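So the structure is just underneath, and the comments pick up after that.
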Amino acid sequence: MRVSVPTRDELARVAEDEFGGISLDEALRIVLFEHASAAAIARLSADPEALSEYRAEAEGLEGVDTEIAEW
């Protein structure tokens, strides 16, 4: 993959400063995940019926609590 030096350096800064020094590969994965999440939220927000269904489902799960065993 080819990227410009400024882009590489910016990704390196994000990886170091915002993600605690992770690899550029992992930082890019996080950035891509965040982008995909924002796009999904935008699609959901554009569909009032789907948004209503999502909110109803979220309200139904609001009281669910799962105990996590410590190892």
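The values are calculated or read from the model by the stated rules, or taken from the named source; none is laboratory data. Bear in mind the structure is a predicted one, so any value in this text is a computation, not a measurement. Here Cβ is always computed from backbone atoms with ideal geometry, including for glycine, and neighbour counts include all displayed protein chains.
Return the only residue of T7, T66 being out of contact with any strand residue (DSSP E or B) (no Cβ under 8 Å at 6 or more places or on another chain), part of a helix (DSSP H, G or I) and of a type in the set (S, T, N, Q). Selected residue: T7, the only one of T7, T66 that is out of contact with any strand residue (DSSP E or B) (no Cβ under 8 Å at 6 or more places or on another chain), part of a helix (DSSP H, G or I) and of a type in the set (S, T, N, Q).
With respect to the conditions (1) part of a helix (DSSP H, G or I); (2) free of Cβ contacts under 8 Å to residues at least 12 places away in the same chain, V14 lacks only one, and its number is (2). Taken as a whole, the structure leaves A58 outside the set of residues that are in a helix (DSSP H, G or I), under 16 Å from the mean Cα position of the chain (by Cα) and either at negative phi or surrounded by 11 or more Cβ atoms within 10 Å (Cβ to Cβ) (or both).
Checked against (1) at pLDDT 95 or above; (2) within 18 Å of the chain's Cα centre (by Cα), P6 passes all but condition (2).
Within the option set A38, A12, being under 16 Å from the mean Cα position of the chain (by Cα) and of a type in the set (G, A, S) holds for one residue only, A38.
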